[in-house]
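**Q** Dumping the structure here so I can ask a few things about it.
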Amino acid sequence: MPRMADYYHILGVQPHCRFPELKKAYYRQAMACHPDRFSGNPAKAEAFKQLVEAFNVLSDPLTRAAYDARRAARDPAAAGTSASVYAYKHEHAILDTFADDILEEMIVGNTIPHNTSLQTLMLDLERTERFCLFREAKTCFYNGDIAMAADLFRRYAALAPLNILAHYYLGRCQILRKNYRHAAKEYAEALRIGTRRRPPLNLPRIRHELDILRRTRLGLLSRAAAWWKNESSQMPPLPPDEQMRREVTRAMHNLLRNEQRRRTQLPNPNAESSNRWN
């Protein structure tokens, strides 16, 4: 039965560490095993893959919370991979599916091929810095530091203006700060970007939240102006062949991700006993 990898041990940090310490530890460890520094040494490449997997889970506040819960429960059936550490359901997706959320966070704003992996993304330090900026903003948001989160998401949106998640979280930050018109503007921008994707994204969650915001927080004139502006931009239902194509694409994507996760079940790279729970 697969054992749960100790991601904190892999990164060399304490379980209560904050994001800046986590990020610093990642860069420090990456310098010791970055494949570019060791001419593709297989052992270093494997260590780097494990390091990226650990940082991916711990740098996201939601996956870190799920991992910590499993870790505290000493669940012997929990494998140390993102597939089993956290299992998001479709209804939690911000975009059309959770797979879309992953791709949006990893790719949009980094201008890299769509067949990339998290490991190839993290090989480039400039792209890693952007990835870390988004994760730090997300961490601040879920930890309740909304002012800092808004500032970081704003910086990220300036670097990646077509990232839907950046505008969505900026909108959420503005709602919590009671800047409802600014929030509606960010939500509308997220929807505008989504309609220009090929194929376009429906973004039902963002549409629903924007509708609630307009009905409950904006004045009558603002609601009327928003209705007039957006009535013609409402997306028609997808034709059946396009719906089928999307379902097949997402099924293939999930199969590929599951295979990748299966291959990255992690033994601890150090002493074997360090990742076994007593």
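Each value in this text was obtained by applying a stated rule to the coordinates, not by laboratory testing. Keep in mind that this is a model prediction, so the values were computed, not measured.
**Q** Rounded to whole Hz and in sequence order, give me ³J(HN,Hα) for the range 175-182 from the Karplus expression 6.51 cos²θ - 1.76 cosθ + 1.60, θ = phi - 60°, writing x for Gly and Pro.
**A** 4, 5, 8, 6, 9, 5, 5, 5
**Q** Long-range amide H contacts for Asp96: which residues qualify at under 5 Å (H placed 1.01 Å from N, peptide plane, sequence gap of 5 or more or a different chain)?
**A** Leu203
**Q** Round to a whole angstrom and tell me the spacing of the C-alpha centers of the range 43-69 and the range 177-219.
**A** 32
**Q** Which entries in Lys49/Lys138; Lys49/Lys185; Lys24/Lys178; Lys44/Lys138; Lys24/Lys138 show an alpha-carbon gap greater than 28 Å? Show your work: numbers first, answer last.
**A** On the way: Lys49/Lys138 23 Å; Lys49/Lys185 39 Å; Lys24/Lys178 34 Å; Lys44/Lys138 30 Å; Lys24/Lys138 17 Å.
Over 28 Å Cα-Cα: Lys49/Lys185; Lys24/Lys178; Lys44/Lys138.
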